[in-house]
């Protein structure tokens, strides 16, 4: 049986909350808000444990508006580069930490992706995104 891995799905651009996203490319992100007024914010560990929240990776950030908001594009699905918040081994389930950086999933039953390669702290690694978080990994 052959398996096809879908290509990356980009969402956005979306406006950020007032939080500063400069330099946050590679961080975990989520989209929230009503249709037409969606907002991108950093995804944190609690988001990875919520089955209803999709977790992706910020791929680009542009502009700062007078109100402090920015525009960001987020990738859901496919392979993305994620910034690690600790050493991560290749092949392990990963999820965001409290800062939105990618770490080994504290609860391996839930993951936002899988590390396709290992890396030390503050390293860009390839992450196979699941597209939605809270996917149960069979044991």
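Read-outs throughout are calculated quantities, based only on the coordinates presented, and are distinct from any laboratory measurement. Bear in mind the structure is a predicted one, so any value in this text is a computation, not a measurement. Cβ placement follows ideal geometry from the backbone for every residue including glycine, while neighbour counts extend to all protein chains displayed.
Length gained on full extension, residue 116 to residue 46, computed as 0.36 nm times the residue gap minus the Cα-Cα distance: 22.9 nm.
The modelled label-to-label distance for the pair residue 32/residue 106, using points 7 Å beyond Cα in the direction of Cβ, is 1.7 nm. In this label model, residue 128 and residue 64 are separated by 3.9 nm, measuring between points 7 Å along each Cα→Cβ vector. Going by neighbour counts of Cβ atoms within 10 Å, the residues 103, 58 line up, fewest first, as 103, 58. Panel order for 129, 124, 21, by other beta carbons found within 10 Å of each beta carbon, from fewest to most: 124, 21, 129.
Each residue in 37, 16, 32 was given a count of other beta-carbon atoms within 10 angstrom of its own, and listing them fewest first yields 37, 32, 16. Rg/Rh, computed from the Cα trace of the range 75-129 with Rh as the Kirkwood radius, has the value 0.90.
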